[in-house]
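Visitor: Pasting a structure here, questions to come.
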Amino acid sequence: MADLQTFVLIAPVLLFSMVAHEYAHGYAALRQGDSTAANLGRLTWNPLKHIDPFMTVLLPIMTFFAGGFIFGGAKPVPVQPANFREYVRGDIIVSLAGVASNAVLVVVCAVLFAAVGALAPTVPAAYGAARIAQQVLSYGILFNFILIFFNLLPIPPLDGSHVVKHLLPPAWQRSYVKIGAFGLIVLVGLLTIGRPILDLWMAPMWALQGAIVRVLAPWAIPIGAIG
């Protein structure tokens, strides 16, 4: 039951964060000259347009209840790099737009967490709701950090690979991009037998997340607080 309650709190936060990530890709592409996402109706905040039945619904449920972690993703926004006014610049901007949106959400969640903690004492009857709100915002901070660092992994077709690609010689770029055909297999490998490597990559994320938790600690509503 506790796992189910946790999942109910996590799912909306994670879905919104993934939608923001994909919307940012589509909007950045539009600004760079590619209207593919807009033309296909994907430049929208409607989550239904970004849900993939397996990646967004089934996979997160399976990994959460079977493995104790959440792994999944939204349906990728279609982008045609050939339409960019400047290919390399456009590809990098569009690729980093998603993680930039998640960074903004980290800041927004942190500010709202502090605001809820500061306002809660003025309405003692709302302490319970305020504590739940802070719990949801804490998940927002955590999962947006995870989305940032995970998507920056230099594994095609993740966002980080689009930056690394342009640092390689042209001949190497083609071979590097081909890894994308096995990208999901590589990611599953990192989440299982390659976990020490993934943990090393994610270590700065845990440090940043821990620092934010310490900064926000004075505004955290204690368990059992009733005003």
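Visitor: What number of residues in region 13-31 are closer than 19 Å to CYS109 by Cβ and open to solvent by less than 80 Å² (accessible area, probe 1.4 Å)?
Guide: 11
Visitor: Still on this structure: Name the single residue that is surrounded by the most Cβ atoms within 10 Å (Cβ to Cβ) among those in region 173-227 being under 25 Å from LEU137 (Cα atoms) and of a type in the set (Val, Ile, Thr).
Guide: Looking at the filtered set, the residue picked out is ILE221.
Visitor: Just need a number here: residues in region 49-66 that are aliphatic (A, V, I, L, M) and more than 17 Å from the chain's Cα centre (by Cα).
Guide: The total comes to 3.
Visitor: Let me ask something additional. Residues in region 79-90 that are open to solvent by 40 Å² or more (accessible area, probe 1.4 Å) and assigned to a loop (DSSP other than H, G, I, E, B): how many?
Guide: Going through region 79-90 one residue at a time, the tally reaches 4.
Visitor: Let me ask something else. Any idea which residue in region 32-62 is surrounded by the most Cβ atoms within 10 Å (Cβ to Cβ), counting only those that are touching a residue at least 40 places away in the same chain (Cβ under 8 Å) and at negative phi?
Guide: Initially, region 32-62 is screened for residues touching a residue at least 40 places away in the same chain (Cβ under 8 Å), giving 32-37, 56, 60-61.
Checking which are at negative phi leaves us with 32, 34-37, 56, 60-61.
Numbers: GLN32: 21, ASP34: 22, SER35: 13, THR36: 17, ALA37: 25, THR56: 21, PRO60: 22, ILE61: 14.
Looking at the filtered set, the residue picked out is ALA37.
Visitor: Please go through region 135-168 and give me each residue that is among the small types (Gly, Ala, Ser) and open to solvent by 40 Å² or more (accessible area, probe 1.4 Å), ordered by number. Please lay out each step first, then the result.
Guide: Taking region 135-168 and keeping what is among the small types (Gly, Ala, Ser), we get 138, 140, 160-161.
The one that is among the small types (Gly, Ala, Ser) and open to solvent by 40 Å² or more (accessible area, probe 1.4 Å): SER138.
Visitor: Whether any residue in region 121-134 is surrounded by 13 or more Cβ atoms within 10 Å (Cβ to Cβ), under 29 Å from ASP199 (Cβ atoms) and of a type outside the set (Asp, Glu) is what I want to check.
Guide: Scanning region 121-134, I find at least one residue that is surrounded by 13 or more Cβ atoms within 10 Å (Cβ to Cβ), under 29 Å from ASP199 (Cβ atoms) and of a type outside the set (Asp, Glu), so the answer is yes.
The values are calculated or read from the model by the stated rules, or taken from the named source; none is laboratory data. Here the structure is a predicted model, which means the values were calculated and not measured. Using ideal geometry, Cβ is built from the backbone for each residue, glycine included, and neighbour counts are taken over all protein chains shown. Ligands, DNA and RNA are stripped out before the accessible areas are found, and what is left, the full protein with its side chains, is counted by its heavy atoms. Shrake-Rupley method; radii C 1.70, N 1.55, O 1.52, S 1.80 Å.
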